[in-house]
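*Asks:* Provided herewith is a single structure, encoded as structure tokens, for subsequent inquiry.
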Amino acid sequence: MSEAERRALAAMALLAGKSPRGLKRLVNTYRLIRVMRGPKGLADLEGDESKAPLYPYLLFALACEVGLKTETAALVAQIAAVKTTHKVMHPLVVCLFSDDEVEQSLTPLQIQLRERIRKDDVGQALFIAVRAVYLAATGQDPRESKPAEFGEEMSALSDPIFVHYRAQNDHFLQAFAEAARFTFRSSGG
């Protein structure tokens, strides 16, 4: 695993780390995926100058599968794969904030996810993990994804990483599809 992948993996710990077993499952599943992809697949994971890396998206998808309740993980996967409808941000990012401007553009699925996030008390973990995806995809250190203060008053439009970088919808879609192949959850959540 590259140093960049290790940093992104560390940034996903809060989301995936409800138990040491969950963290171990995340690491081992990611390693298995790397081995199964072979050299060409590794090139996709790592990206290049013309293409964003897939590994932050895949680590996020796996962390959701390991750390979230089944229903919440399924909603995150659905919304992560949605084409951007908000004029600035990815639909998943929009769910993490309570800005008035953002509030007006929420779909029923996004409202449902926002309610699950509040009910499950995973807002901060999701925020840090999604922000880590954006940071890693732009070549920055994803371990710097924790804000000084996390809370309802945070504005999505005040965080330049969400405003200036458009997440790769196809990367989210591919990552969640690949993670689903390695999910061994019971349907009880």
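The values are calculated or read from the model by the stated rules, or taken from the named source; none is laboratory data. What you see is a predicted model; the values in this text were computed from it and never measured. Virtual Cβ from ideal backbone geometry, glycine too; neighbours counted across all protein chains shown. For accessibility, only protein heavy atoms count, side chains too; no ligands or nucleic acids. Shrake-Rupley method; radii C 1.70, N 1.55, O 1.52, S 1.80 Å.
*Asks:* Mind checking which residues of region 14-52 are among the acidic types (Asp, Glu) and in contact (Cβ under 8 Å) with a residue 12 or more places away in the chain?
*Replies:* Hit for region 14-52 is 46, nothing else.
*Asks:* Another question, then. Quick check on my filter: what residues within region 1-31 are surrounded by fewer than 18 Cβ atoms within 10 Å (Cβ to Cβ) and assigned to a loop (DSSP other than H, G, I, E, B)?
*Replies:* 1, 2, 17, 18, 19
*Asks:* Moving on. Within the bounds of region 133-150, is there any residue that is closer than 25 Å to residue 17 by Cβ, of a type in the set (Asp, Glu), at pLDDT below 65 and open to solvent by 70 Å² or more (accessible area, probe 1.4 Å)?
*Replies:* Scanning region 133-150, I find at least one residue that is closer than 25 Å to residue 17 by Cβ, of a type in the set (Asp, Glu), at pLDDT below 65 and open to solvent by 70 Å² or more (accessible area, probe 1.4 Å), so the answer is yes.
*Asks:* A follow-up question, please. Within region 76-108, take every residue that is open to solvent by 10 Å² or more (accessible area, probe 1.4 Å) and in contact with a Cys (Cβ under 9 Å, 6 or more places away or on another chain) and give me the one that is modelled with the lowest pLDDT.
*Replies:* Checked region 76-108; the qualifying residue modelled with the lowest pLDDT is 106.
*Asks:* Of 68, 58, which residue is under 13 Å from the mean Cα position of the chain (by Cα), over 18 Å from residue 7 (Cβ atoms) and either open to solvent by 60 Å² or more (accessible area, probe 1.4 Å) or of a type in the set (A, V, I, L, M, F, W, C) (or both)?
*Replies:* 68
*Asks:* Only residues in region 171-189 that are at pLDDT 60 or above count as the first member; pair them with residues that are open to solvent by 90 Å² or more (accessible area, probe 1.4 Å) and of a type outside the set (A, V, I, L, M, F, W, C), Cβ under 9 angstrom, at least 6 apart or cross-chain, and list the lot.
*Replies:* Once the first residue is at pLDDT 60 or above and sits in region 171-189, its partners that are open to solvent by 90 Å² or more (accessible area, probe 1.4 Å) and of a type outside the set (A, V, I, L, M, F, W, C) give 176/78.
*Asks:* What are the residues in region 28-67 that are among the β-branched types (Val, Ile, Thr) and farther than 22 Å from residue 124 by Cβ, if any?
*Replies:* Hits for region 28-67 are 29, 33, 35.
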